[in-house]
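The values are calculated or read from the model by the stated rules, or taken from the named source; none is laboratory data. Because the structure is predicted, anything quoted here is derived from the model rather than measured. When we count neighbours, we look across all protein chains shown, and the Cβ atoms used for this are built from the backbone with ideal geometry, even at glycine. With ligands, DNA and RNA removed, areas are computed over all heavy atoms of the protein, side chains included. Shrake-Rupley method; radii C 1.70, N 1.55, O 1.52, S 1.80 Å.
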Amino acid sequence: MKKYISLALLVVMVVLSACDNYIDVLPKGTRIPKTLADYEALLRNEYSANYLPGIQANYLINDKFVGVNNCRNVDDLRTANYMWKEDRDRCELNSSTEEMFDNGYGIIGIVNTIIEEVPGSTGATEAEKNEVLAYAYAIRGFVLHLIVNFYADAYSPDKAATTPGIPLIYSGGLGSSWHQGTVKEVYDQILADFNKAIELGVPENSMTIIHPSRAAVEAGLARVYLSMRDYDAALSHAEAALQRNSALFDWLTFYNENKDRIDNPEDYTMITSPMAHTCEENLWFCSGNGNPNYPCADTDISEERAAQFEEGDMKALVRWKKYQSATDVYHKGMLSGYYNLSGIATPEVYLIKAECQARKGQINEALATLDKVRESRIHPDFYKPSAAANTAEAIDLIRRTKDNDLVNSIIPFIDMKRYNAEGTYARTLTKEFDGKTYTLRPDSHLWTMVFPANAINRPGNGVLTQNSK
């Protein structure tokens, strides 16, 4: 596998290097992909093609814990976001590279290479080539959506055509030109990529879970249309995805299997995450925590974040336990394994559907959809059916479950940006630290992340300007 990836890494980093000709010859021992199997193999190296962390977004919304000494004494990008330092120049702090940009455009380079080269590859039928091309287009759609929501303002229908976005590049070749598209241009490309995957016949049953299936593509379209505030389209695609896969993991059984460890306040034995590749909820798996080449510990969270979980949330009780170190009290991650934090799974699709129903005034239907997820998460001793008198109350309940179920992924951050941009459901975040109140306003520039210095200073064959500070 690595012999194929070594070539891919040469051809994908166009926007990451100032030297368009930094390498002109193929290293000895590297194999040039020729067959369809060669190109499809590029998608199977998860570190290169299936790993997209959004860690700074987790710090900003305080979904990832930072200890008291670091908050007081360390001046870096992490603490600038975590402590909501609006007067701090994050461009200065993001002085090197960043995984969302580097990994994201690394993945895009790989799938661009596949899109360019697979039509002329050997050893396959046209139908087989189209299947691999469909995977590539779908992955590019997913990745572009995460990158644009990280580095650009949220999509606003009346502003998207003039809002600066992110680089759009369509080639995996060195020296290829690119341009910084508007948010609308990027979203147009995302929709085109997902629809192209469907046109090419993305299969109902994909090769593996890291190859997006038709259900994953429908779910991706639902996610994108929700970001665009097109609730009719988002609802239609969410339903299409759930018609293909509506499975929810049995957290009650898993909770009961580990109840002795959970109930013992002194037992911090790590157990294996059930949220790995084989979990029935997964539609498309993409790692977003640690290194996908080996198991990683679950992320620690603060006491304040732990308090936001609904009482009896078995998924939370399994994943975190209160812990006191020499300097901090926090909730320690208690699972180890693999996490689908940058892909997409059925709970998110249910909750997209629920919000769309609520937006359309279908309150009872929205709460019924929400409760399908809650019933698989909330212990029977604590579960009560959701009740809401209006759309605003229903959306508050849906947001609580979605933020909690997708904690440590980038989706709660994306949702918060969307609500803030819309205005109706905007929230100001607050917290207390060292006797001082800190706030993050809905209109803060911190909601838009800054491009890393390597992207700004060495853009290759294009021009990239910052969207934030």
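Residues that are within 25 Å of residue 382 (Cβ to Cβ) and of a type in the set (Ser, Thr, Tyr): which helices (runs of 4 or more DSSP H) entirely in segment 241-324 hold 1 or more of them? Correct list: 251-257. The residues listed here are 3, 28; of these, the one that is in a helix (DSSP H, G or I), among the charged types (D, E, K, R), open to solvent by 40 Å² or more (accessible area, probe 1.4 Å) and at pLDDT below 95 is 3. Filter segment 163-205 down to the residues that are of a type in the set (Gly, Ala, Ser) and surrounded by fewer than 20 Cβ atoms within 10 Å (Cβ to Cβ), then identify the one that is nearest to the chain's Cα centre (by Cα). Taking the candidates together, the pick is 192.
Condition check ((1) out of contact with any Pro (no Cβ under 9 Å at 6 or more places or on another chain); (2) in contact (Cβ under 8 Å) with a residue 60 or more places away in the chain; (3) open to solvent by 30 Å² or more (accessible area, probe 1.4 Å); (4) among the small types (Gly, Ala, Ser)) across all residues:
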residue	(1), (2), (3), (4)
287	no, yes, no, yes
304	yes, yes, yes, no
308	yes, yes, yes, no
319	yes, no, no, no
333	yes, no, no, yes
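Would you confirm, using the coordinates I've provided, whether residue 63 is open to solvent by less than 10 Å² (accessible area, probe 1.4 Å) and among the acidic types (Asp, Glu)? Yes, satisfied.
Looking across segment 347-366 at every residue that is of a type in the set (D, E, K, R) and within 20 Å of residue 245 (Cα to Cα), the one that is most open to solvent (accessible area, probe 1.4 Å) is identified as 365. Output the number of the condition that residue 413 fails; it satisfies all remaining conditions of (1) surrounded by fewer than 19 Cβ atoms within 10 Å (Cβ to Cβ); (2) of a type in the set (Phe, Trp, Tyr); (3) under 20 Å from residue 307 (Cα atoms). Status for residue 413: all satisfied but (1).
Of the candidates 261, 214, the single residue that is farther than 30 Å from residue 319 by Cβ and open to solvent by 10 Å² or more (accessible area, probe 1.4 Å) is 214.
Take the conditions (1) touching a Lys or Arg at 6+ places or on another chain (Cβ under 8 Å); (2) buried (at least 20 other Cβ atoms within 10 Å of the Cβ); (3) within 25 Å of residue 41 (Cα to Cα); residue 209 misses just one of them, which is (1). Is it true that some residue in segment 111-133 is in a loop (DSSP other than H, G, I, E, B), among the basic types (Lys, Arg) and open to solvent by 10 Å² or more (accessible area, probe 1.4 Å)? Scanning segment 111-133 turns up no residue that is in a loop (DSSP other than H, G, I, E, B), among the basic types (Lys, Arg) and open to solvent by 10 Å² or more (accessible area, probe 1.4 Å). Here residue 342 clears all of (1) of a type in the set (Gly, Ala, Ser); (2) crowded, with 19+ Cβ neighbours inside 10 Å; (3) under 28 Å from residue 433 (Cα atoms) except the condition numbered (3). Among the residues of segment 273-316, those identified as under 23 Å from residue 375 (Cα atoms) and of a type in the set (Ser, Thr, Tyr) are 273, 278.
Filtering 401, 369, 448 for residues that are more than 27 Å from residue 320 (Cβ to Cβ), open to solvent by less than 40 Å² (accessible area, probe 1.4 Å) and β-branched (Val, Ile, Thr) leaves a single hit, 448.
How many residues, within segment 217-232, are closer than 17 Å to residue 366 by Cα and open to solvent by 20 Å² or more (accessible area, probe 1.4 Å)? Within segment 217-232, residues that are closer than 17 Å to residue 366 by Cα and open to solvent by 20 Å² or more (accessible area, probe 1.4 Å) number 4.
Looking only at segment 159-187, residues that are at pLDDT 95 or above, in contact with a Ser or Thr (Cβ under 9 Å, 6 or more places away or on another chain) and not aliphatic (A, V, I, L, M) come to 8 in all.
For segment 328-339, the set of residues classified as part of a loop (DSSP other than H, G, I, E, B) and either out of contact with any helix residue (DSSP H, G or I) (no Cβ under 8 Å at 6 or more places or on another chain) or at pLDDT below 95 (or both) consists of 338, 339, listed by residue number. Could you list, in sequence order, all residues of segment 226-240 that are free of Cβ contacts under 8 Å to residues at least 40 places away in the same chain, part of a helix (DSSP H, G or I) and of a type outside the set (A, V, I, L, M)? Listed by number, the residues that qualify are 236, 237.
Of all residues in segment 161-182, those satisfying the criterion of being in a loop (DSSP other than H, G, I, E, B) and either in contact with a Pro (Cβ under 7 Å, 6 or more places away or on another chain) or polar (S, T, N, Q) (or both) are 162, 163, 171, 176, 177, 178. The residue that is surrounded by the fewest Cβ atoms within 10 Å (Cβ to Cβ), counting only those in segment 88-110 that are out of contact with any Phe, Trp or Tyr (no Cβ under 6 Å at 6 or more places or on another chain) and aliphatic (A, V, I, L, M), is 93.
The set of residues in segment 407-447 that are farther than 28 Å from residue 142 by Cβ, touching a Ser or Thr at 6+ places or on another chain (Cβ under 6 Å) and touching a residue at least 24 places away in the same chain (Cβ under 8 Å) contains only 439.
When restricted to residues that are of a type in the set (Gly, Ala, Ser) and either under 16 Å from residue 71 (Cβ atoms) or surrounded by fewer than 13 Cβ atoms within 10 Å (Cβ to Cβ) (or both), segment 429-445 contains 1.
The set of residues in segment 451-469 that are in a helix (DSSP H, G or I) and either of a type in the set (A, V, I, L, M, F, W, C) or open to solvent by 80 Å² or more (accessible area, probe 1.4 Å) (or both) comprises 453, 455, 456, 457.
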